[in-house]
Amino acid sequence: METRLAVDVGGTFTDLVAVVDGTVHVEKVASTPDAPDRAVVDGLESVADRAPPASADYFAHGTTVATNAVLERSFAETALVTTAGFRDVLEIGRQDRPDIYGLHGSKPDPVVPRDRRYEVDERVDARGEVVEPLDDDAVAALAEEIDADSVAVALLFAFENPDHEKRVGESLRAAGVDSVSLSSSVLPEIREYERTLTTALNAALRPTMDGYLGRLAAALDDAGVAAPLRVMGSDGGVVRAADARERPVETLLSGPAAGVRGAAHVADRLDRPDALTMDMGGTSCDVSLVTDGEPLVTTEVTVGDYPVAVPTVDVHTVGAGGGSIARLDDGGALRVGPESAGADPGPVCYGRGGTEPTVTDAHCVLGRIDPAAFAGDVGGAAEEATAALESLGDRLGVGPREAAAGVVRVAVADTARALRVVSVERGHDPREFSLVAFGGAGPLHAAAVAAEVGVPEVLVPRAAGVLSAFGLLVSDVTHETARSRVRPWDDIDAEDLERRFREFERADADRVPDDLPVEHDRYLDVRYAGQSFDLRVPAPSPVDGAALAAVADRFHDRHAERYGHAAPAEPLELVAVRVRTRGVVEPPDPAPPADGDADDAVRETRTVRFDADRETPAYDRGALPPGATVEGPAIVEGPDATTVVRPGDELAVVDDGTLRIEVGR
């Protein structure tokens with residue numbers, strides 16, 4: 001029996017997908033924010049009768065532990081060692097600010113307070129030549145003085161020559177510091193603030209992530225899971241648990257990245273290489289863009305208040321999820337989120353003591369979801385949800401159903417704005433894309449959002465409510481090595497560059513399992529000379545003069561796509577060399593849905609509010625056969641998500657069980 005297990009921990013639910021000999025089993029259990037590993041074990045126990053943990057050949061995990069630690073600033077006691085004169089880089093930061101017209105702007109508190117930031121006398125220049133040697137005795141004495149749980153080391157130009165950083169790290173370990181993060185390992189790239197900040201964040205997160213993954217590994221061992229633990233990275237690839245414990249900063253967008261990867265897989269199977277993705281869960285909605293079958297990856301991501309420069313799937317997030325709380329702002333306008341009811345108590349209709357109206361409660365009042373049919377031990381409190389929306393409606397001067405409709409419209413508008421950010425504002429026409437909707441609340445809103453943005457079709461995968469967990473099973477095991485090497489384009493030695501690529505590939509070979517075929521993706525970060533920011537461009541193999549010319553041409557094309565213009569006559573500059581090594585995972589091939597008759601899939605007919613009250617059939621998604629078509633209005637209820645088909649929309653079930661909605665206007 002072949003068994004693959006994946007668990008994704010979200011803010012409200014922890015999702016588990018088990019694929020056993022092609023049969024997909026789905027479970028959702030309430031998250032346990034105080035101990036996320038407990039919910040993982042709960043999920044394993046709930047599916048053990050169908051997918052015994054001891055039979056697992058593969059186990060992957062998506063986690064929000066690092067993300068929550070950054071958002072809550074729950075850091076370990078961290079110290080920073082840096083080159084003399086650069087102690088205050090974390091506080092100086094950049095000159096950008098949230099409100100350019102605000103006269104009293106403030107910056108986030110530095111990850112490491114000033115009294116735990118230390119300087120060492122040393123200097124390496126921009127080409128890696130030693131200008132001022134490092135005094136090992138002085139460093140050893142300093143290491144004995146440092147009292148911290150974790151230490152970050154970020155010396156000037158260490159990406160060109162890491163020798164001084166390595167020697168500082170050795171002295172710290174000799175002094176008894178177990179957790180040491182070197183910038184030459186965490187982020188060996190230019191831009192002093194981002195490199196220092198990312199290294200400091202990594203150091204601040206290491207004790208927390210190390211403890212969590214250690215506890216989880218022990219719990220999995222107790223449960224009988226023999227498969228090695230793998231963790232989703234922010235770049236859309238799965239990494240070894242040991243790598244996640246060493247570089248937790250690379251897991252900051254673990255869950256959203258898994259969802260985008262799963263959506264890209266679904267769209268590609270249906271020959272939709274260009275897609276917008278929409279992952280609406282309990283606390284937020286993450287949107288992203290997939291082109292040519294691959295999610296966009298960026299190094300310009302802000303988590304909380306901190307710009308983190310590690311490669312990350314380009315996700316834009318808004319605080320509009322199923323558990324987002326509806327409220328009136330100081331001016332009396334209706335707002336949704338970012339505050340969320342979370343997992344405990346959750347929306348009012350969960351029946352767990354919630355009192356504030358949420359987006360999920362609004363859909364309940366509109367008749368679009370049946371709280372009595374929710375998975376797990378939640379639901380059944382429809383009357384309480386109506387009372388919560390009635391209270392909100394009293395303040396708006398409308399009835400509960402009108403208030404609920406307003407809440408949904410606000411959530412749709414917020415999500416539509418987010419989709420325009422990743423499409424229209426980046427030069428992409430939404431009319432040329434499909435929208436892949438997933439997450440527990442995504443399919444509820446997808447058709448309305450698509451109509452708002454102009455997307456012609458919506459795709460709702462079979463495991464829509466747990467697609468982030470399914471995405472873990474279709475993601476390659478990856479490791480990326482990069483190093484800044486700022487050089488004029490005309491000065492690049494193709495043979496030297498090829499040699500460097502091969503060194504990276506050899507070094508990464510042991511980072512992926514022996515039983516997986518290995519592929520290497522080569523990239524060069526390129527910019528116009530004098531620019532501050534660069535673009536990542538695929539590099540052909542092997543590197544020679546013709547390959548470099550092809551990279552230059554591709555850079556000009558990408559610059560025109562991204563910024564609307566290019567300057568082929570301007571000189572270029574190499575910024576960084578990257579290799580992404582992939583252990584290629586064979587995606588599971590779920591068994592096709594059973595045949596049947598669409599009319600037999602109707603569970604009930606109930607009154608649902610759209611533009612007006614309409615008698616609407618509610619279908620059992622599992623009983624809808626491939627090839628079935630349904631005219632809106634309709635509700636399609638699955639074990640993990642509910643899909644709304646509006647009046648004027650048309651739904652078709654494709655061969656793999658994906659729901660395709662042709663969006664009316």
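Does E480 count as acidic (D, E), more than 19 Å from S324 (Cβ to Cβ) and in a strand (DSSP E or B)? So E480 fits the description; yes. Tallying residues that are exposed (fewer than 13 other Cβ atoms within 10 Å of the Cβ) and outside any loop (DSSP other than H, G, I, E, B) within segment 420-439 yields 3.
Have a look at A451, A507 and point out the one that is touching a residue at least 12 places away in the same chain (Cβ under 8 Å), over 21 Å from the mean Cα position of the chain (by Cα) and outside the structural domain of G321 (by TED's automatic domain parsing).
Details: A451 fails: outside the structural domain of G321 (by TED's automatic domain parsing).
Sole residue among the options that is touching a residue at least 12 places away in the same chain (Cβ under 8 Å), over 21 Å from the mean Cα position of the chain (by Cα) and outside the structural domain of G321 (by TED's automatic domain parsing): A507.
Taken across segment 539-562, residues that are acidic (D, E) and closer than 24 Å to V186 by Cα do not occur at all.
Of all residues in segment 129-162, those that are surrounded by 15 or more Cβ atoms within 10 Å (Cβ to Cβ) and not in a loop (DSSP other than H, G, I, E, B) total 9.
Which residue out of G214, G262 is at pLDDT 90 or above, in contact with a Phe, Trp or Tyr (Cβ under 6 Å, 6 or more places away or on another chain) and assigned to a helix (DSSP H, G or I)?
G262
Within segment 279-302, the residues that satisfy the criterion of being under 21 Å from T14 (Cβ atoms) and either part of a strand (DSSP E or B) or aromatic (F, W, Y) (or both) are D279, M280, C285, D286. A residue that is under 20 Å from the mean Cα position of the chain (by Cα) and at positive phi can be found somewhere in segment 231-251.
Scanning segment 175-196 for residues that are small (G, A, S), surrounded by fewer than 17 Cβ atoms within 10 Å (Cβ to Cβ), under 28 Å from V474 (Cα atoms) and modelled with pLDDT under 95 turns up nothing. Condition check: part of a loop (DSSP other than H, G, I, E, B) and either farther than 22 Å from A634 by Cα or at pLDDT below 90 (or both). Does A388 satisfy that? When the stated conditions are applied, A388 does not pass them. When segment 100-128 is limited to residues that are in a loop (DSSP other than H, G, I, E, B), of a type outside the set (D, E) and touching a residue at least 12 places away in the same chain (Cβ under 8 Å), the one that is farthest from V153 (Cα to Cα) turns out to be K107.
Among the residues of segment 460-467, not a single one is assigned by TED's automatic domain parsing to the domain that holds R603, farther than 15 Å from G638 by Cα and either in a helix (DSSP H, G or I) or of a type in the set (A, V, I, L, M, F, W, C) (or both). One residue alone among G439, G406, G376 is modelled with pLDDT of 90 or more, in contact with a helix residue (DSSP H, G or I) (Cβ under 9 Å, 6 or more places away or on another chain) and not β-branched (V, I, T), and that residue is G406. All told, L516 falls short of being within 17 Å of P188 (Cα to Cα) and either outside the structural domain of D125 (by TED's automatic domain parsing) or part of a loop (DSSP other than H, G, I, E, B) (or both). Just one residue in the set E119, E165 is acidic (D, E) and either buried (at least 19 other Cβ atoms within 10 Å of the Cβ) or in contact with a Gly (Cβ under 6 Å, 6 or more places away or on another chain) (or both); that residue is E165. Of the residues examined, V359 is one that is under 25 Å from Y619 (Cβ atoms) and not small (G, A, S).
Of all residues in segment 72-106, exactly one satisfies the criterion of being at pLDDT below 80 and basic (K, R), namely R97.
Listed here are the residues, each with its yes/no results for (1) in contact with a helix residue (DSSP H, G or I) (Cβ under 7 Å, 6 or more places away or on another chain); (2) under 18 Å from I190 (Cα atoms); (3) polar (S, T, N, Q).
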| site | (1), (2), (3) |
| --- | --- |
| K107 | no, no, no |
| V120 | yes, no, no |
| G128 | no, yes, no |
| V153 | yes, yes, no |
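Taking G293, is it of a type in the set (G, A, S) and under 30 Å from C349 (Cβ atoms)? No; evaluated as a whole, the condition is false for this residue. Residue check: D221 meets all listed conditions (1) under 27 Å from P110 (Cβ atoms); (2) free of Cβ contacts under 8 Å to residues at least 40 places away in the same chain; (3) not hydrophobic (A, V, I, L, M, F, W, C); (4) not assigned by TED's automatic domain parsing to the domain that holds L16 but one, namely (1). Checked against (1) surrounded by fewer than 17 Cβ atoms within 10 Å (Cβ to Cβ); (2) in a helix (DSSP H, G or I), G224 passes all but condition (2). The number of residues in segment 322-355 that are in contact with a Pro (Cβ under 9 Å, 6 or more places away or on another chain) and assigned to a loop (DSSP other than H, G, I, E, B) comes to 12. Going through (1) under 15 Å from the mean Cα position of the chain (by Cα); (2) at pLDDT 85 or above; (3) crowded, with 20+ Cβ neighbours inside 10 Å one by one, L296 falls short only on (3). Go through (1) part of a helix (DSSP H, G or I); (2) touching a strand residue (DSSP E or B) at 6+ places or on another chain (Cβ under 9 Å) for T208 and report which single condition fails. Every listed condition holds for T208 apart from (2).
A quick yes/no check of all residues on (1) within 19 Å of K28 (Cα to Cα); (2) surrounded by fewer than 16 Cβ atoms within 10 Å (Cβ to Cβ); (3) without any contact (Cβ under 8 Å) to a residue 24 or more places away in the chain; (4) in contact with a Ser or Thr (Cβ under 6 Å, 6 or more places away or on another chain):
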{"position": "A320", "(1), (2), (3), (4)": "no, no, no, yes"}
{"position": "G337", "(1), (2), (3), (4)": "no, no, no, yes"}
{"position": "L389", "(1), (2), (3), (4)": "no, no, no, no"}
{"position": "D394", "(1), (2), (3), (4)": "no, yes, yes, no"}
{"position": "V410", "(1), (2), (3), (4)": "no, no, no, no"}
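The values are calculated or read from the model by the stated rules, or taken from the named source; none is laboratory data. The structure presented is a predicted model; accordingly, all values stated were derived computationally and were not measured. With ideal geometry, Cβ positions are generated from the backbone for all residues, glycine too; neighbour counts draw on all protein chains shown.
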